[in-house]
Structures are given as structure tokens and as C-alpha cells.
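Scroll down for the structure; my scribbles are underneath it.
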Amino acid sequence: MASSTVPELPELPEGLDLAALERLAVDTAHEAGRFIVDERPGGLGVAQTKSSATDVVTVMDQGCEKLLRALLGAARPDDAILGEEDGATDGTSGITWVVDPIDGTVNYLYEIPAYCVSVGAVVGDPTRPGHWRPVAGAVYNPVSGEMFHARLGAGAHLVDAAGQRRRLRAGEVDTLGQALVATGFGYRAEVRRAQAAVLAELIPHIRDIRRAGSAALDLCAVAAGRVDAYYERGLNPWDLAAGWLVATEAGALVSGLPGRPPAKELVVAAGAPLAAALGARLADLMTVAD
Ligand code: LIP
């Protein structure tokens with residue numbers, strides 16, 4: 001099984017029950033997913049903005065993160081938590097929960113059914129690229145009812161709305177020209193301009209592009225073979241944590257620029273040969289576009 005290009009990381013804490021972490025990730029993602037659908041107020045609007053006027057936060061992002069923190073804190077009070085909305089809280093167990101209460105917030109605001117709750121348990125320091133990796137995680141799309149989940153060394157699975165469970169296997173397309181590629185764009189205009197310039201140069205060399213609007217769902221789409229590859233620049237640890245493990249446990253490689261770990265500068269996910277080809281092409285194009 002291909003693995004991510006990260007240096008050797010700290011050992012897993014003694015006696016860590018990865019299956020229990022995976023179950024906790026699934027249960028909390030499911031409860032939080034129900035919350036953002038069932039408790040969505042009518043006429044939901046923007047509560048605040050972050051890096052730009054289009055980088056929006058709703059009261060449901062804030063409420064969902066509070067719920068995730070309460071559930072994880074009650075189950076494992078010694079763990080640290082890093083969340084998109086409320087930042088980092090320390091712990092002593094060696095495990096950090098990296099959570100995105102609503103990944104695909106703009107889709108959620110527009111009621112486009114491509115958003116999810118992402119809950120990942122990681123070892124190492126998630127704020128330092130190359131110094132962390134996920135060990136258990138779940139990505140739940142509460143509209144489709146699809147629960148993607150994984151733990152280190154045990155494969156990745158999808159449980160659909162009917163409760164059918166299946167093991168995930170990433171696609172095996174190994175040439176760019178045949179690759180259906182997912183990607184995303186940032187919230188700041190100058191970043192989107194550079195990303196669009198890279199895409200304009202890349203698109204003649206691939207099958208086609210898909211833009212779903214959620215990094216976590218894009219990584220799960222690679223795991224499920226629904227796309228052959230995904231790449232994006234500008235991701236935060238919470239966009240990445242759980243989806244990264246689902247993709248690698250399904251046989252994909254998740255990396256950054258050639259020879260570098262997944263990081264804000266770039267995340268690439270695909271079967272090993274395609275990830276290498278795409279990573280190299282993007283490295284060339286990004287240098288030109290910057
Ligand atoms: C989103 C990512 C997506 C990216 C968006 C945004 P959010 O995260 O999942 O891949 O293209 O710009 O960053 O803001 O919905 O948590």
C-alpha cells in the first residue's frame with residue numbers, strides 16, 4: 001500500500017486503540033452531521049467572514065464545532081483539539097482531534113448537497129507540515145448519508161445511507177491524459193487568479209476537471225475511485241486530516257510538491273504513478289504561475 005511522503009513520525013502512544021478512535025470519529029461526525037441538517041435555521045445567513053468577503057462562517061459552523069468539542073472532550077478529555085473555527089486546545093495523550101465542522105461551507109450556505117463533517121485523530125503536530133499524520137478518521141456527508149471512515153493499517157470503508165458497507169479502492173489510471181482530476185480554489189482573488197492560471201495550463205493535458213467544493217469529500221472521491229486524482233493549494237489541516245487517511249487506506253498516495261509532505265503549498269492525492277506525474281507537472285506550472 002502506497003503511503004504519504006512524510007518523515008518517520010513519533011510512535012503511536014502506548015496501548016492506543018485505533019478501532020475505538022475510528023468508532024468515536026464516526027459517531028461524532030454522524031451526530032454533528034445530523035445537527036447541521038436538522039437544526040439548520042430558516043433563512044440561514046453569514047455570521048462573519050474570515051480571509052476575504054467570500055470566506056464565510058455561519059452560526060452552524062460555530063455551533064457544530066462546539067458540539068464536536070463537547071462530544072470529543074467528554075469521551076477523551078486528555079486529547080488535544082484543533083478546529084477550523086475555535087483553533088487549538090492542548091492535551092496530554094499524544095492524540096489531537098483535527099476537525100472541520102462544515103467542510104464545504106459555501107455549498108452548505110447555498111444548500112448544494114456537497115458538504116460534510118470531517119473528524120480526524122492525528123499524531124504529531126498538525127500545525128507543522130511533515131510532522132503529523134492521521135491515524136483514524138471519518139468524513140460524513142449528512143445529505144447523501146455517506147460515511148467514509150478509516151484507521152491506520154485497516155483500510156478505508158464507505159457506509160451508504162442504506163447501511164451498506166464496502167471497502168474502498170482508489171482508481172488505477174496512471175496517465176495524466178486519462179485522468180479525471182478534482183481541484184479547488186481559495187477565497188482570495190489573487191490566489192484564485194494563480195490557481196486558474198495553473199488550471200488553464202493543466203486542463204489540455206488531462207481528461208477533465210471536477211470542482212465539488214469540499215477538500216474532504218474530494219479526498220474521499222479519490223478513495224472511492226470517483227475521480228482519479230485531486231490537488232489543491234491553500235488547504236488547512238482540518239480540510240485534510242480525515243480525508244487524507246481515507247485516501248491512503250484506499251491505496252492512494254497523498255503528498256505535496258515532489259518529495260514534500262502534504263501542506264498548504266500543495267496537496268496531491270492519486271494512485272502513486274499518477275500522483276508523481278501530476279505533482280511534477282504542477283510543480284512546473286506553479287513556479288511559472290507565481
Ligand atoms: C473549503 C475546502 C475546499 C476549498 C474551499 C474551502 P471550507 O473549505 O474544502 O476544498 O476549495 O476554498 O477552503 O472553507 O468550506 O471549510
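Quick notes
- The combined condition, being within 12 Å of the ligand (Cβ to nearest atom), closer than 25 Å to Ala221 by Cα and out of contact with any helix residue (DSSP H, G or I) (no Cβ under 8 Å at 6 or more places or on another chain), is not fulfilled by Tyr115.
- Which numbered condition Phe148 misses (of (1) within 20 Å of Gly213 (Cβ to Cβ); (2) more than 13 Å from the ligand (Cβ to nearest atom); (3) not in a strand (DSSP E or B)): (3)
- Evaluation of Arg166 against (1) farther than 16 Å from Leu245 by Cβ; (2) within 16 Å of the ligand (Cβ to nearest atom) (one fails), failing number: (2)
- Qualifying residue in region 84-98 (condition: of a type in the set (A, V, I, L, M), buried (at least 18 other Cβ atoms within 10 Å of the Cβ) and either within 16 Å of the ligand (Cβ to nearest atom) or in a strand (DSSP E or B) (or both)): yes
- Qualifying positions in region 211-226 - within 12 Å of the ligand (Cβ to nearest atom), among the hydrophobic types (A, V, I, L, M, F, W, C) and not in a helix (DSSP H, G or I): Ala212
- Every residue from region 99-112 that is of a type in the set (Phe, Trp, Tyr) and within 11 Å of the ligand (Cβ to nearest atom): Tyr108
- Residue within region 57-74 that is modelled with pLDDT under 95 and not in a helix (DSSP H, G or I) present: no
The values are calculated or read from the model by the stated rules, or taken from the named source; none is laboratory data. What you see is a predicted model; the values in this text were computed from it and never measured. Reconstructed Cβ throughout: ideal geometry from the backbone, glycine too, with neighbour counts over all protein chains shown.
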